[in-house]
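Working notes, beginning with the structure itself.
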Amino acid sequence: GQNIDQPTEMTATEGAIVQINCTYQTSGFNGLFWYQQHAGEAPTFLSYNVLDGLEEKGRFSSFLSRSKGYSYLLLKELQMKDSASYLCASRLSNDYKLSFGAGTTVTVRA
Amino acid sequence: GAGVSQSPSNKVTEKGKDVELRCDPISGHTALYWYRQSLGQGLEFLIYFQGNSAPDKSGLPSDRFSAERTGGSVSTLTIQRTQQEDSAVYLCASSLALGEGEQFFGPGTRLTVL
């Protein structure tokens with residue numbers, strides 16, 4: 001596997017910022033995905049990074065450092081509806097499946 | 001269709017019985033993937049299809065698991081002689097083609113083996 005590592009849980013206050021880190025094995029790496037999954041629902045796509053740098057999409061941003069095998073998902077201006085599990089997944093250049101981490105459960109409190 | 005659909009949404013079965021799970025991908029998507037998600041664990045890859053072909057079956061947990069896809073569209077995942085450890089949510093996803101763009105997930109089938 002790709003040994004995707006991300007924290008199990010994070011808690012933050014409404015309106016605040018939370019950063020979810022993810023590390024992965026760099027060998028053969030060909031893309032990093034972030035998905036959001038609300039309880040009992042399907043994962044929904046948030047972002048895709050294949051080059052180094054920051055990709056911003058509204059309140060959500062994702063960063064990638066290929067040399068460090070590191071990514072983070074940044075959630076700004078947190079809302080209660082952002083309470084969910086956030087899944088980090090990598091893809092290899094000679095493969096098409098995604099290897100997922102166990103997910104980070106984010107709880108947003110009022 | 002508008003999104004990936006799966007049926008049934010829930011399935012409860014007795015140990016030793018066979019089950020068949022169905023996935024209907026987004027229209028026009030040639031690549032289809034099966035994953036399973038056990039409680040508190042990450043998604044585990046099972047198998048993918050490009051068209052009707054499944055070049056990589058290495059993720060299937062045992063020979064009790066099989067999958068097919070006919071007509072380049074609907075796929076079925078069959079689990080024979082189910083065991084309690086097969087209990088999980090089985091998720092199907094599709095993408096335009098293998099390695100292209102993001103994978104869109106269906107709502108999953110929650111399988112409970114008693």
Item checked: Pairwise FRET efficiency - residue A:26 versus residue A:74, Cβ, R0 = 25 Å, nearest 0.05 -> 0.70
Check: Which of B:112, B:23, B:92 sits farthest toward the positive end of the charge dipole of segment B:14-114, with +1 on the Cβ of Lys and Arg and -1 on the Cβ of Asp and Glu?
Finding: B:112
Notebook entry, point to check: R0 = 25 Å: FRET efficiency of residue A:44 with residue B:62, Cβ-based, nearest 0.05?
Noted result: 0.25
Notebook entry, point to check: To the nearest 20 debye, what is the magnitude of the charge dipole of chain B about its Cα centre, counting +1 on the Cβ of each Lys and Arg and -1 on the Cβ of each Asp and Glu?
Noted result: 260
Notebook entry, point to check: How many partner chain Cβ atoms sit within 10 Å of a residue's Cβ in peptide B:96-107, on average, as a whole number?
Noted result: 4
Note to self: Relative contact order for segment A:28-110: what percent, with Cα pairs under 8 Å and sequence separation of 6 or more?
What the structure shows: 30
Item checked: Positive-end extreme of charge dipole, chain A - chosen from A:84, A:34, A:94 (charges on Cβ) -> A:94
Next item on the list: Note the full-extension length gain between residue B:17 and residue B:78 as 0.36 nm times their separation in residues minus their Cα-Cα distance, in nm to one decimal.
Entry: 20.9 nm
Item checked: Eligible aspartates and glutamates near residue B:11 by straight Cα distance, threshold 13 Å, same-chain separation 8 or greater -> B:20, B:86
Check: How many partner chain Cβ atoms sit within 10 Å of a residue's Cβ in peptide A:94-106, on average, as a whole number?
Finding: 5
Item checked: Average other protein chain Cβ within 10 Å of Cβ, residues A:37-43 -> 5
Next item on the list: Determine the dipole magnitude for chain A: charges of +1 sit on the beta-carbon of Lys and Arg, -1 on that of Asp and Glu, nothing else is charged, the reference point is the Cα centre, and the result goes in debye to the nearest 20.
Entry: 100
Notebook entry, point to check: Of the peptides B:19-32, B:68-81, how do they stack up when ordered by the mean number of other Cβ atoms within 10 Å, highest first?
Noted result: B:19-32, B:68-81
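Read the figures in this text as sums done on the coordinates, not as results from a lab. These numbers were taken from a predicted model, which means no experiment stands behind them. We place every Cβ from the backbone using ideal geometry, glycine too, and count neighbours over all the protein chains shown.
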